[in-house]
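The structure appears below as structure tokens.
The values are calculated or read from the model by the stated rules, or taken from the named source; none is laboratory data. Values in this document were obtained by computation on a predicted structure and should not be read as measured data. Cβ coordinates were reconstructed from backbone atoms using ideal geometry, including for glycine residues, and neighbour counts include every protein chain displayed. To get the accessible areas, we keep the full protein, side chains included, count just its heavy atoms, and leave off ligands, DNA and RNA. Shrake-Rupley method; radii C 1.70, N 1.55, O 1.52, S 1.80 Å.
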Amino acid sequence: MLIVMRHGATPEEIKRVVAVIEEMGYGAQPMPGAQRTAVGLVGNDGRVDASRLEGLPGVQEVIQVTKPYKQVSREWKPEPTVVQLANGVSIGGSDVAVIAGPCSVENERQILDAARLVREAGAVALRGGAWKPRSSPYSFQGLGRPGLKLLAKAREETGLLICTEAMDPEGVGYVAEVADIIQIGARNMQNFSLLKAAGRAKKPVLLKRGLSATIEELLLSAEYLLAEGNHDVILCERGIRGFDTATRNVFDLTAIPVVHKLSHLPIIADPSHGTGLRDKVTPMARAAVAAGADGIMVEVHPDPDKALSDGAQSLFPEQFGQLMREIRVIAEVIGRRVAEPAPVGA
Ligand code: PEP
Ligand code: MN
């Protein structure tokens, strides 16, 4: 529920609304806007007596948010959320941010080479899993904490932001020490204890769409993060299961304008997991930027043939350079700009 204050409502009137909401046993979230302030009532269990709020001085109207997700909806917050990251990088504004790197952190040489090459081509963040959610327990599971240390080293050397996955609530603590963006993988989109832990972390979260999740389910999972107090949430379309085996997943680009309409949160696209095939990654990255994605996440490996995971969908370094050149042109056509990495040492 949203309590919209009149234009020119006084700070005392706003405080009174907050106090009454809290007295009723709910959370209150004042949101100053350009025209007027709204106060969000958090935790509505359907028993809120709206008339108690409608009658308060300074209140213009009380709006019922009609969607099952509340704080992530456009009804709650009409203007887009811009997630501010370190080094002046932001996701959700007019810039298109590129996050690139290998599927997994494998060893020092591999991750440092990957970091240097993606930075040179213009990525603003390095991706790479220290912990990997693999379908088979016999596949490479990631280096764990030593992998995080290597990511920290890559950050120090290149100035790139780090995006890496936390697989369980305990892992959130470790990952948050190093990562600029905590990734929640597709398989964990509905791991609610993980979502709650990430919602309490003081770092932005990248939430990937589940393999068979509807957009409504994706937004409800994001709601868990906001409900715990973390408003720095970036969504990611990474393809969903279909019946056709021609590609690894069906890369649902329609999700981008659909999410933009329903939610104020930024959404990026991952054509690597979306297609699973190296030669499909660049065309779909171009399409994602054209469709309005706020960024793209791409797997790139210094030597894809030797990758310990997802080699078949990892770009060769020169292919990534070409992709970057192409999306810069596309971004410009739609009035956007591909974000530039910060100077080293910034
Ligand atoms: C990944 O980004 O490394 C990953 C495992 O992706 P997803 O969770 O989308 O499968
Ligand atoms: Mn991968």
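Criterion first (more than 29 Å from Ser221 (Cβ to Cβ) and in contact with a Lys or Arg (Cβ under 9 Å, 6 or more places away or on another chain)) does Arg278 satisfy it? Full working, then the answer.
On the way: more than 29 Å from Ser221 (Cβ to Cβ): yes; in contact with a Lys or Arg (Cβ under 9 Å, 6 or more places away or on another chain): no.
So Arg278 does not fit the description; no.
Taking strands (runs of 3 or more DSSP E) that do not extend beyond region 50-163, which have at least 2 residues that are open to solvent by less than 10 Å² (accessible area, probe 1.4 Å) and closer than 30 Å to Gly335 by Cα?
Ranges flagged: 95-101, 125-127.
For region 25-38, enumerate the residues that are touching a helix residue (DSSP H, G or I) at 6+ places or on another chain (Cβ under 7 Å) and open to solvent by 40 Å² or more (accessible area, probe 1.4 Å). Let's see the steps before the verdict.
Let us first name the residues in region 25-38 that are touching a helix residue (DSSP H, G or I) at 6+ places or on another chain (Cβ under 7 Å), namely 28, 30, 37.
Within region 25-38, Pro30 is the sole residue that qualifies.
Could you list, in sequence order, the residues of region 273-286 that are crowded, with 18+ Cβ neighbours inside 10 Å and of a type in the set (A, V, I, L, M, F, W, C)?
Answer for region 273-286, where residues must be crowded, with 18+ Cβ neighbours inside 10 Å and of a type in the set (A, V, I, L, M, F, W, C): Val281, Met284, Ala285.
Phe316 versus (1) within 30 Å of Leu143 (Cα to Cα); (2) among the hydrophobic types (A, V, I, L, M, F, W, C); (3) within 15 Å of ligand 1 (Cβ to nearest atom): which is the lone unmet condition?
(3)
Tally up the residues in region 112-135 that are within 13 Å of ligand 2 (Cβ to nearest atom), closer than 21 Å to Gln319 by Cα and in contact with a helix residue (DSSP H, G or I) (Cβ under 7 Å, 6 or more places away or on another chain), please.
Adding up the residues that qualify gives 1.
What are the pairs with Cβ atoms under 8 angstrom where one residue, in region 250-272, is closer than 15 Å to Thr81 by Cα and the other, located anywhere, is assigned to a loop (DSSP other than H, G, I, E, B) and of a type in the set (Ser, Thr, Tyr)? Sequence gap at least six, or different chains.
Taking only residues 6 or more apart or on different chains, the pairs are Ser263/Tyr69; His264/Thr81; Leu265/Thr81; Pro266/Thr81.
How about region 130-149: which of its residues are within 11 Å of ligand 1 (Cβ to nearest atom) and either touching a Lys or Arg at 6+ places or on another chain (Cβ under 8 Å) or polar (S, T, N, Q) (or both)?
Start the filter on region 130-149 by keeping residues that are within 11 Å of ligand 1 (Cβ to nearest atom), which leaves 130-135, 142.
The answer is Ala130, Pro133, Ser135, Gly142.
Scan region 187-207 for residues that are open to solvent by 10 Å² or more (accessible area, probe 1.4 Å) and under 21 Å from Ile296 (Cα atoms) and jot them down. Spell out the reasoning first.
Taking region 187-207 as the starting set, the residues that turn out to be open to solvent by 10 Å² or more (accessible area, probe 1.4 Å) are 187-188, 190-193, 196-197, 200-204.
Selection gives Arg187, Asn188, Lys203, Pro204.
Read through the list (1) over 20 Å from Asp294 (Cβ atoms); (2) within 16 Å of ligand 2 (Cβ to nearest atom), then give the number of the only condition that Ile184 fails.
(1)
Just need a number here: residues in region 214-229 that are touching a residue at least 24 places away in the same chain (Cβ under 8 Å) and either open to solvent by 10 Å² or more (accessible area, probe 1.4 Å) or acidic (Asp, Glu) (or both).
Applying the first criterion (touching a residue at least 24 places away in the same chain (Cβ under 8 Å)) to region 214-229 yields 215-229.
Now restrict to residues that are either open to solvent by 10 Å² or more (accessible area, probe 1.4 Å) or acidic (Asp, Glu) (or both): 215-217, 220, 223-224, 227-229.
The total comes to 9.
Can you tell me how many residues in region 295-346 are away from ligand 2 (no atom under 16 Å from the Cβ), open to solvent by less than 10 Å² (accessible area, probe 1.4 Å) and part of a loop (DSSP other than H, G, I, E, B)?
1
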